[in-house]
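J.: I'd like to ask you about the structure that follows.
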Amino acid sequence: MWKQVCIRPDTPIVKAIEIIDQAALQIALVINEKGQLLGTVTDGDIRRAILRHLSLDEPVNKIMNMNPHFVYREQSREKAVMLMKNSKLRQIPVVDEVGRLVGMEIADELLSPPSRDNWVILMAGGLGKRLNPLTESCPKPLLKVGDKPVLETILESFIDQGFKHFYISVNYRAAMIVEHFGDGSRWGVEIKYLHEKTGLGTAGALCLLPTRPEKPLLLMNGDILTKINSGQLLDFHKKNSTEATICVKEQQSQIPYGVVTIDKNRLKKIEEKPIRRFFINAGIYVFNPGVLDYVPVDSYFDIPDLLENILNNGKEIAVFPIREYWIDIGRFDDYERANHEFPEVFG
């Protein structure tokens, strides 16, 4: 299996992403023509490159870790397991006496995702006005993309990553959502509901939680389709030790004019139809339990308000860039595109 993730230093980052995802080992091993280990590329290395707006066509030697942990093949597996545990690694390369790659030790949880007790809050109470008339008789989270409701795809994605405790916030046509998902026993998980008497915004429903969780909770809008690894997101949040983590997606837009840079009344340069790259809020978050203190009771309250409260209280918020498939189905053209892409992405 480890041979599938071997790449050369001139391999484009985009190809490394493809290899990492296909092998599901969260790592690529960079070797030279002699098979010697030069470095490693992890999911975290790629996400940091995205935050720097580095082109994915650049070679992996621009982002690889050139001083990776490794063990020699003469050393026992217990030594490798201990090193992985102490260094919080999920995999570690094995090399021979001259540094040639001969294998890789893999943590068991990569082969079988661990069970996670963290609560997942799925926001499904919106009116979905932009998708009228489709949402006149059906709440947006129950609109089918592919062969199932979008919220069901979201739920199953979390389940595949080991999550089992869910809250769904409901308001518009709540009975239809409750009837479809029930108590979650159909999927072998627990589902409870946060009933909004009036619309509470994108964060207000958090005040309806009956108790405070003991661990960080994940919150996600109920109209998003993505292949994000929610387990990796949670691990990222824990590693960064911040009060919250917000997921972002890189977008780009071409300005249809020549952009002029000036200094007082002097021309410095002119850039013809430049492409600007920026990050948008992807509607997926991780919050520590203490964040609930910033949510007012029974008041309309949106996520930007919550994030501002966190920052105003001197807390830090980490940013997790999504490199995987992501689409918000809030508009007709995006809904149609999601249906077109669903068989290939989720099939």
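J.: Over 21 Å from the mean Cα position of the chain (by Cα), closer than 30 Å to residue 143 by Cβ and surrounded by fewer than 18 Cβ atoms within 10 Å (Cβ to Cβ): which single residue out of 302, 298, 293, 334 fits that description?
T.: Numbers: 302 fails: over 21 Å from the mean Cα position of the chain (by Cα); 293 fails: closer than 30 Å to residue 143 by Cβ; 334 fails: over 21 Å from the mean Cα position of the chain (by Cα).
After ruling out the rest, the residue left standing is 298.
J.: Spot the failing condition for residue 268; the list is (1) modelled with pLDDT under 95; (2) among the charged types (D, E, K, R); (3) surrounded by 12 or more Cβ atoms within 10 Å (Cβ to Cβ), and only one is missed.
T.: Unmet condition: (3).
J.: Another question, if that's okay. Report, by residue number, each residue of the range 316-335 that is farther than 19 Å from residue 222 by Cβ and without any contact (Cβ under 8 Å) to a residue 12 or more places away in the chain.
T.: 333
J.: Just to be sure, is residue 231 buried (at least 18 other Cβ atoms within 10 Å of the Cβ), at pLDDT below 95, not charged (D, E, K, R) and not in a loop (DSSP other than H, G, I, E, B)?
T.: The answer is yes for residue 231.
J.: Only one of (1) surrounded by fewer than 19 Cβ atoms within 10 Å (Cβ to Cβ); (2) part of a strand (DSSP E or B) is not met by residue 105, so which one is it?
T.: Exception for residue 105: condition (1).
J.: Of all residues being out of contact with any helix residue (DSSP H, G or I) (no Cβ under 9 Å at 6 or more places or on another chain), touching a residue at least 40 places away in the same chain (Cβ under 8 Å) and outside any strand (DSSP E or B) in the range 22-47, which is nearest to residue 235 (Cα to Cα)? Just the residue, please.
T.: Once the filter is applied, the top-ranked residue is 35.
J.: How many of the residues in the range 1-21 are part of a loop (DSSP other than H, G, I, E, B) and closer than 20 Å to residue 102 by Cβ?
T.: Summing the residues that are part of a loop (DSSP other than H, G, I, E, B) and closer than 20 Å to residue 102 by Cβ in the range 1-21 gives 3.
J.: Condition check: within 22 Å of residue 230 (Cβ to Cβ) and part of a loop (DSSP other than H, G, I, E, B). Does residue 56 satisfy that? Full working, then the answer.
T.: Working: within 22 Å of residue 230 (Cβ to Cβ): no; part of a loop (DSSP other than H, G, I, E, B): yes.
No; evaluated as a whole, the condition is false for this residue.
J.: Out of 155, 127, I need the residue that is within 21 Å of the chain's Cα centre (by Cα) and assigned by TED's automatic domain parsing to the domain that holds residue 208. Which one?
T.: The conditions single out 155.
J.: Just checking, how many residues over the range 165-201 are under 24 Å from the mean Cα position of the chain (by Cα) and modelled with pLDDT under 95?
T.: Total meeting the criteria: 1.
J.: Here are some residues: 179, 156. Which one is surrounded by fewer than 21 Cβ atoms within 10 Å (Cβ to Cβ) and within 23 Å of residue 338 (Cα to Cα)?
T.: Step by step, each of 179, 156 is checked, and only 156 is surrounded by fewer than 21 Cβ atoms within 10 Å (Cβ to Cβ) and within 23 Å of residue 338 (Cα to Cα).
J.: Same structure again: Taking residue 82 as meeting all but one of (1) part of a helix (DSSP H, G or I); (2) touching a residue at least 12 places away in the same chain (Cβ under 8 Å), write down the number of the exception.
T.: It fails just one condition, (2).
J.: Right, residue 243: of a type in the set (D, E, K, R), surrounded by 10 or more Cβ atoms within 10 Å (Cβ to Cβ), over 18 Å from residue 119 (Cα atoms) and assigned by TED's automatic domain parsing to the domain that holds residue 121 or not?
T.: no
J.: Which members of the range 164-183 meet the condition of being under 21 Å from residue 216 (Cα atoms) and not hydroxyl-bearing (Ser, Thr, Tyr)? Before the answer, list the steps.
T.: Just the residues of the range 164-183 that are under 21 Å from residue 216 (Cα atoms), to begin with: 164-169.
Matches in the range 164-183: 164, 165, 166, 168.
J.: Same structure, new question: Which count do you get for residues in the range 51-71 that are touching a residue at least 60 places away in the same chain (Cβ under 8 Å) and crowded, with 20+ Cβ neighbours inside 10 Å?
T.: 0
The values are calculated or read from the model by the stated rules, or taken from the named source; none is laboratory data. This one's a predicted model, so the numbers in the text were calculated from it and none came from an experiment. Backbone-built Cβ (ideal geometry, glycine too); neighbour counts: all protein chains shown.
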